[in-house]
Amino acid sequence: MRISFVISSIFLGATILFAASGEELIKKAIDSGLKPIPVGNELTKITGDTKQNKLKIELGKKLYFDPRISSSNLISCNTCHNLGLGGADIVPAAIGHKWTQNPQHLNSPTVYNSVFNSSQFWDGRSAHLQDQAKGPMQAAQEMNASPEVVIAKITSIPEYVVAFKKAYGENVKIDFDTIADAIAVFEKTLVTPSRYDDFLRGNTKALSAKEQEGLNVFIDKGCTACHNDINLGGTMQPLGVAREYKFANIGGFKGDVNGMVKTPTLRNILETMPYFHNGQYWDVKDAIKEMASIQLGAEISDEEAKKIEVFFNSLTGVKPEITYPMLPAQTLDTPKPEFK
């Protein structure tokens, strides 16, 4: 009887100790600038996923998947930001119109959770998803379609015209801004909460002991200096603070006018290889060690990199269920594809 009591006390004490350790780590994470994805009404305010917005979301989804927005009728938003592949394309550099590689060898960042980024594009030139959506449509090496061509294609398809009137009102002007807005409204719903969020909200059992150990290493090494807030990234930061990036010459991208580069989100990071703006690392552990070296001037051992990788498992989130839409039929008035 006494032996049973002692054993129970030991296990109870270990449980209390583990819980306290988990609670301390949660506080440490929050104090380091890490935040969970909001829930309930707070999240709805950000994503706009409301009953009133359902028609815009459904319309935006169709536009997101419609390759006719490109001049060739071959490239959609989903081509480079594939929702079945972590919201990316899993190649080092984006491939667009006429099989053209991005001229600066830029990698396609994930579209998932992009609503939480304070900056869009690697050089941060857009602050909002609506403005960002316009870029790839017009870029010669991406979708290669002028605003006039995009508008002409959409307005020539009766089902799209009806959908815009239902979503935006009978007197809607179907222009480039409205088309981009619909795409952005859909993209805002692409949020992937994970066990990591449950942990930050107080569930100490949401992460395994090894994942918690990895999170602790991640914080102690200083990774949260750039990978912080809700998206563990998404803000503009200097690249190569302590040392020059090993593959800086590939593509020649130097960031914005101040040399700042958008910090990529770490959410779903194990699904969105290759890493860095020019996609030069396929093993996340190598990317972790390179980042520590060039940003922090620190060395991360193979063992420490592995621990951080284990923590990254907890950042793989639950994807929203996306049904591929049936796209409306075009007419004889719809501009034909061009391959110039």
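Observations
- Within segment 140-169, residues that are not assigned by TED's automatic domain parsing to the domain that holds residue 94 reach no partner that is crowded, with 17+ Cβ neighbours inside 10 Å and modelled with pLDDT of 95 or more with beta carbons closer than 6 Å at six or more positions or on different chains.
- Identity of the residue in segment 190-211, surrounded by fewer than 17 Cβ atoms within 10 Å (Cβ to Cβ) and in contact with a helix residue (DSSP H, G or I) (Cβ under 7 Å, 6 or more places away or on another chain), that ends up nearest to residue 327 (Cα to Cα): 202
- Residues located in segment 291-340, provided they are in a loop (DSSP other than H, G, I, E, B) and closer than 13 Å to residue 218 by Cβ: 298, 300
- Selection of helices (runs of 4 or more DSSP H) fully inside segment 158-268 by the criterion of at least 2 residues being under 21 Å from the mean Cα position of the chain (by Cα) and at pLDDT 95 or above returns 176-187, 195-200, 209-220.
- Hey, residue 59 crowded, with 21+ Cβ neighbours inside 10 Å and either modelled with pLDDT under 95 or not in a loop (DSSP other than H, G, I, E, B) (or both) or not: yes
- Test result for residue 298, more than 30 Å from residue 208 (Cβ to Cβ) and in contact (Cβ under 8 Å) with a residue 24 or more places away in the chain: no
- Qualifying positions in segment 103-113 - within 18 Å of residue 79 (Cβ to Cβ) and either in the same structural domain as residue 274 (by TED's automatic domain parsing) or buried (at least 22 other Cβ atoms within 10 Å of the Cβ) (or both): 107, 108, 109, 110, 111, 112
- Consider segment 99-117 and keep the residues that are closer than 20 Å to residue 133 by Cβ and of a type in the set (A, V, I, L, M, F, W, C). The one that is farthest from the chain's Cα centre (by Cα) is 106.
- Among the criteria (1) part of a loop (DSSP other than H, G, I, E, B); (2) within 21 Å of the chain's Cα centre (by Cα), the one residue 288 does not fulfil is (1).
- Subset of segment 262-276 that is under 18 Å from residue 317 (Cβ atoms) and hydrophobic (A, V, I, L, M, F, W, C) - its residue that is surrounded by the fewest Cβ atoms within 10 Å (Cβ to Cβ): 270
- Exclusive hit being within 28 Å of residue 51 (Cα to Cα) and without any contact (Cβ under 8 Å) to a residue 40 or more places away in the chain, set 78, 113: 78
- Segment 1-44 - residue that is assigned to a helix (DSSP H, G or I), of a type in the set (D, E, K, R) and at pLDDT 95 or above and, of those, nearest to the chain's Cα centre (by Cα): 42
- Residue check, residue 148 surrounded by 17 or more Cβ atoms within 10 Å (Cβ to Cβ) and either of a type in the set (Gly, Ala, Ser) or assigned to a helix (DSSP H, G or I) (or both): no
- Restricting segment 239-261 to residues that are β-branched (Val, Ile, Thr) and surrounded by 15 or more Cβ atoms within 10 Å (Cβ to Cβ), the residue that is farthest from residue 281 (Cα to Cα): 261
- Selected residue (criterion: surrounded by the most Cβ atoms within 10 Å (Cβ to Cβ)) from residues of segment 165-189 that are closer than 20 Å to residue 128 by Cα and small (Gly, Ala, Ser): 182
- Any hit, segment 243-257, residues being touching a Ser or Thr at 6+ places or on another chain (Cβ under 8 Å) and over 20 Å from residue 128 (Cβ atoms): yes
The values are calculated or read from the model by the stated rules, or taken from the named source; none is laboratory data. Here the structure is a predicted model, which is why all the values come from computation and not from measurement. Quick reminder, even Gly has a Cβ in these numbers, built from the backbone with ideal geometry, and neighbours come from all protein chains shown.
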